[in-house]
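S.K.: Below is a structure I'd like to ask you about.
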Amino acid sequence: MHHFQVKRGELCCEGVPLRRVAEVSGTPAYVYSHATLSHHYTVFDEAFGGIPHVICYSMKANSNGSVIRTFTNLGGGVDIVSGGELARALAAGAPPSKIVYSGVGKQVWEIEEALRAGILMFNVESRGELETIDAVAGRMRKRAPVSLRVNPDVDPKTHPYISTGLKKNKFGIQIAQAVRDYEWAAGRKNIEVVGVDCHIGSQLTELSPFVDAAGRIRTLVERLVRKGMPIRMVDIGGGLGITYDDELPPHPRQYADAIVRAFSGLDVTLVLEPGRVLVGNAGVLLTRVLYTKESSAPGGKGKKRFFIVDAAMNDLARPSLYGSYHGILPVGRAPRGKVNADVVGPICESGDFLARDRRLPSFSPGDLLAVMSAGAYGYSMSSNYNSRTRAVEVMISGSRMEVVRERETLRDLARGERTASFLSPRKPGR
Ligand code: LLP
């Protein structure tokens with residue numbers, strides 16, 4: 001469910017035509033629907049209503065402060081993976097008591113900042129990290145709340161780059177090793193063992209990998225409790241998929257029912273780290289056609305059209321990086337007739353495409369397109385490649401439209417850069 005609908009022939013975000021966003025803020029622009037974000041959060045939260053739980057929005061999916069604040073205003077926490085994310089989460093009003101800190105490479109300064117803030121827990125991924133956290137907490141005269149991220153070795157059946165719960169992945173600690181690490185941690189006075197954590201991958205469209213992982217986690221929790229460890233938090237990560245094309249992922253209610261069932265009877269608080277499912281379909285990338293171009297299709301099968309637009313792989317990396325599908329919709333009345341086309345950006349790489357081999361309306365220069373489902377891992381993975389300024393981000397609520405991050409300027413492109421002193425300035429006229 002999302003609030004990007006055609007009204008009177010125009011694609012709108014809630015009460016605002018996207019054409020209007022382009023007129024006011026230019027293109028490319030990320031446009032987020034506040035009602036969609038709130039709705040997704042509420043549905044997810046209510047699905048777990050029957051059990052103590054904390055929803056820690058995985059802000060790597062979209063780190064805009066207004067997006068984070070939408071969820072924290074509804075009672076949400078945040079899943080972070082860096083000191084930078086910690087700073088932005090706190091600035092966006094996240095209560096430290098609802099922040100969980102994940103990731104394989106936490107640095108000393110980041111651990112210090114998190115301890116100073118008083119976060120809910122560290123999700124620890126190796127013995128080395130556990131030892132560092134123990135030492136840092138000791139120096140600061142604090143006790144660090146810790147969960148170990150275990151690797152349950154289940155196949156999430158998703159894209160290999162976003163699978164994390166298999167033995168061959170760099171993430172988590174294998175269960176047998178985790179038991180030894182828990183015993184070690186339980187004996188350290190600067191560590192408080194509070195929970196068990198796992199995250200098996202992203203964009204999962206089936207329930208069974210979640211259920212398999214939850215079963216293994218439950219067995220581990222019971223084992224640790226028998227050993228006298230007071231496990232009170234179970235974090236099952238994020239990963240629930242969304243519909244980009246024709247996927248049929250489980251509804252959050254089905255997902256919640258399966259998870260709640262897997263942990264029934266245990267006296268624990270569930271921690272959830274959803275990212276994509278909250279923000280993915282709540283955002284689009286708005287872009288304008290600059291040029292159209294034609295070539296003969298391979299094998300002599302008619303013509304192939306290119307729509308060259310003003311957004312590119314630096315704005316939305318997912319199609320180039322993972323071959324991901326994003327729907328393309330016309331913003332105004334669609335021109336008659338369909339053509340086979342690629343939607344490509346201005347970047348000097350053949351991998352710079354937003355859509356390939358699609359049946360699309362026969363767009364003309366100046367037409368606006370919406371690249372759908374771009375709210376997750378869109379802006380947050382964008383770059384300045386080809387010295388392109390990052391897009392503006394706009395949030396809509398009803399008929400209100402606000403810039404929630406300005407478009408970068410040309411000055412931003414060289415911010416912090418200096419000319420090396422041994423490069424003498426070029427003399428005029430030479
Ligand atoms: N928790 C942890 C520890 C994670 O590593 C992730 C995502 C999440 C939660 C949130 O997962 P989600 O609910 O969003 O699936 N750039 C890729 C996705 C990378 C996901 C990384 N980890 C993409 O564009 O598909």
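The values are calculated or read from the model by the stated rules, or taken from the named source; none is laboratory data. Keep in mind that this is a model prediction, so the values were computed, not measured. FYI the Cβ positions are ideal-geometry reconstructions off the backbone, even for glycines, and counts take in every protein chain you see.
S.K.: Restricting the search to segment 106-120, which residues are within 15 Å of the ligand (Cβ to nearest atom) and farther than 16 Å from Ala135 by Cα?
M.R.: Once the filter is applied, which keeps residues that are within 15 Å of the ligand (Cβ to nearest atom) and farther than 16 Å from Ala135 by Cα, segment 106-120 yields Ile119, Leu120.
S.K.: Take Asp79 and decide whether it is more than 12 Å from the ligand (Cβ to nearest atom) and of a type in the set (Asp, Glu).
M.R.: When the stated conditions are applied, Asp79 does not pass them.
S.K.: List every residue pair whose Cβ atoms lie under 7 Å apart, where the two residues are 6 or more positions apart in sequence or sit on different chains, the first residue falls within segment 27-40 and is of a type in the set (Val, Ile, Thr), and the second residue, located anywhere, is part of a loop (DSSP other than H, G, I, E, B).
M.R.: Once the first residue is of a type in the set (Val, Ile, Thr) and sits in segment 27-40, its partners that are part of a loop (DSSP other than H, G, I, E, B) give Thr27/Asp310; Thr36/His2; Thr36/His3.
S.K.: Is at least one residue of segment 137-150 within 12 Å of the ligand (Cβ to nearest atom) and modelled with pLDDT under 95?
M.R.: No; the residues of segment 137-150 include none that is within 12 Å of the ligand (Cβ to nearest atom) and modelled with pLDDT under 95.
S.K.: Being on the phi > 0 side of the Ramachandran plot and out of contact with any strand residue (DSSP E or B) (no Cβ under 6 Å at 6 or more places or on another chain) is the filter; apply it to segment 228-245 and report the residue that is farthest from the ligand (Cβ to nearest atom). Show your work before the answer.
M.R.: Restricting attention to segment 228-245, the residues satisfying the condition of being on the phi > 0 side of the Ramachandran plot are 228, 237, 239.
Still in the list and also out of contact with any strand residue (DSSP E or B) (no Cβ under 6 Å at 6 or more places or on another chain): 228, 237.
On the way: Gly228: 28, Gly237: 5 Å.
So, considering only residues that are on the phi > 0 side of the Ramachandran plot and out of contact with any strand residue (DSSP E or B) (no Cβ under 6 Å at 6 or more places or on another chain), the one farthest from the ligand (Cβ to nearest atom) is Gly228.
S.K.: Looking for whichever is in contact with a strand residue (DSSP E or B) (Cβ under 9 Å, 6 or more places away or on another chain), free of Cβ contacts under 8 Å to residues at least 24 places away in the same chain and of a type in the set (D, E, K, R) here; the options are Arg418, Arg359, Arg407. Which one fits?
M.R.: On the way: Arg418 fails: in contact with a strand residue (DSSP E or B) (Cβ under 9 Å, 6 or more places away or on another chain); Arg407 fails: free of Cβ contacts under 8 Å to residues at least 24 places away in the same chain.
On inspection, the qualifying residue turns out to be Arg359.
S.K.: For segment 252-306, which positions are of a type in the set (Val, Ile, Thr) and within 16 Å of the ligand (Cβ to nearest atom)?
M.R.: Applying the first criterion (of a type in the set (Val, Ile, Thr)) to segment 252-306 yields 259-260, 268-269, 271, 277, 279, 284, 287, 289, 292.
Hits for segment 252-306 are Ile259, Val271, Val277, Val279, Val284.
S.K.: State all residues of segment 404-428 that are among the β-branched types (Val, Ile, Thr) and either under 20 Å from Gly26 (Cα atoms) or not in a loop (DSSP other than H, G, I, E, B) (or both); if no residue qualifies, say none.
M.R.: Val404, Thr409
S.K.: Leu278: touching a residue at least 60 places away in the same chain (Cβ under 8 Å), part of a helix (DSSP H, G or I) and not small (Gly, Ala, Ser), yes or no? Spell out how you get there, then give the answer.
M.R.: Working: touching a residue at least 60 places away in the same chain (Cβ under 8 Å): yes; part of a helix (DSSP H, G or I): yes; not small (Gly, Ala, Ser): yes.
Here the answer is yes, as Leu278 does meet what is asked.
S.K.: Against the definition (crowded, with 19+ Cβ neighbours inside 10 Å and under 21 Å from Met401 (Cβ atoms)), how does His34 come out, yes or no?
M.R.: On the way: crowded, with 19+ Cβ neighbours inside 10 Å: yes; under 21 Å from Met401 (Cβ atoms): yes.
Yes; evaluated as a whole, the condition is true for this residue.
S.K.: Does segment 360-394 hold any residues that are surrounded by fewer than 15 Cβ atoms within 10 Å (Cβ to Cβ) and either modelled with pLDDT under 95 or within 16 Å of the ligand (Cβ to nearest atom) (or both), and which are they? I'd like the intermediate steps shown before the answer.
M.R.: Initially, segment 360-394 is screened for residues surrounded by fewer than 15 Cβ atoms within 10 Å (Cβ to Cβ), giving 364-366, 383-384, 386-387.
Listed by number, the list holds a single entry, Ser383.
S.K.: Can you say whether Glu402 is out of contact with any His (no Cβ under 9 Å at 6 or more places or on another chain), modelled with pLDDT of 95 or more and surrounded by fewer than 17 Cβ atoms within 10 Å (Cβ to Cβ), as far as the supplied structure shows? Can you show your working first?
M.R.: On the way: out of contact with any His (no Cβ under 9 Å at 6 or more places or on another chain): yes; modelled with pLDDT of 95 or more: yes; surrounded by fewer than 17 Cβ atoms within 10 Å (Cβ to Cβ): yes.
Answer is yes for this residue.
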